[in-house]
1. Within straight cross-link reach of LYS68, meaning Cα distance under 20 Å, which lysines are found once same-chain residues fewer than 8 apart are removed?
2. I need the Debye-formula profile for the range 68-176: one equal scatterer per C-alpha, no solvent, reported as log10 I(q)/I(0) at q = 0.21 1/Å, two decimals.
3. Give me the lysines in straight-line cross-link reach of LYS143: C-alpha distance below 27 Å, same-chain residues under 8 apart excluded.
4. I need to check one value: relative contact order of the range 57-190, counting alpha carbon pairs closer than 8 Å and at least 6 residues apart, in percent.
5. Can you give the FRET efficiency to the nearest 0.05 for PHE62 and LYS104, using r as the Cβ-Cβ distance and R₀ = 35 Å?
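Rule-based calculations on the coordinates, nothing more; no lab input. This one's a predicted model, so the numbers in the text were calculated from it and none came from an experiment. All Cβ positions, glycine included, derive from the backbone under ideal geometry; neighbour counts span all protein chains shown.
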Amino acid sequence: MNVECGRLVRTILPLQSVRAYGDRQAFFETGEIEMPGWAKALIIVAVLMVLLVVGVIAAGIFWWSRNKDTLIARGKAVVTEGKDAGRKSDNQGCVDQSISRYKKEPGFAGSIETSIFMQTCLQNSRPTPGFCDEVPKQIEFTKTAQWRIAQCRRVDLSSDDNCPQPFTTVQQFCQRHSPGSKEDSGADGQ
């Protein structure tokens, strides 16, 4: 039977593929192709990467299921605080309040919370004359980077990597409320 298996394999596998994976004689005696070490290592690395990705996704789902209610409630509270602050302030006041809040809770999560607060505050605030005059459009990449860095310096946050994020909200607000924009028809979220 071993001889018949060898003949069958010889007809199925060309000689080059047998040579590529090891000794031809060993192959015909055992009926197995020996896998090179680099191929084994590659398979092990691929399996570990898949397990790592699955683990990270599972941990993220677990974390979200445990914290989503708290995060949603906090997000709603920030939106309400932003609306209330905006009704009592002008555009520049919203930026000033947002930066004060960010300085109390800096970092990635703080920048997201600050952006949400600033967005709802600006939407509900009174116009500040000249507020958007020096704000570049977001598609002006070089000017945008320079402007955001200058704003971070102005508020003494030049060493904070997350500082530029809240100023994206100012750019979006100014772009939406610039002459000729779709939202410039007098309805600014009030």
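1. By straight Cα distance, LYS68 reaches LYS76.
2. Per q value, in the given order, log10 I(q)/I(0) is -1.14.
3. Filter leaves LYS103, LYS182.
4. Once normalised by length, the contact order is 25 percent.
5. So, using R0 = 35 Å, E works out to roughly 0.75.
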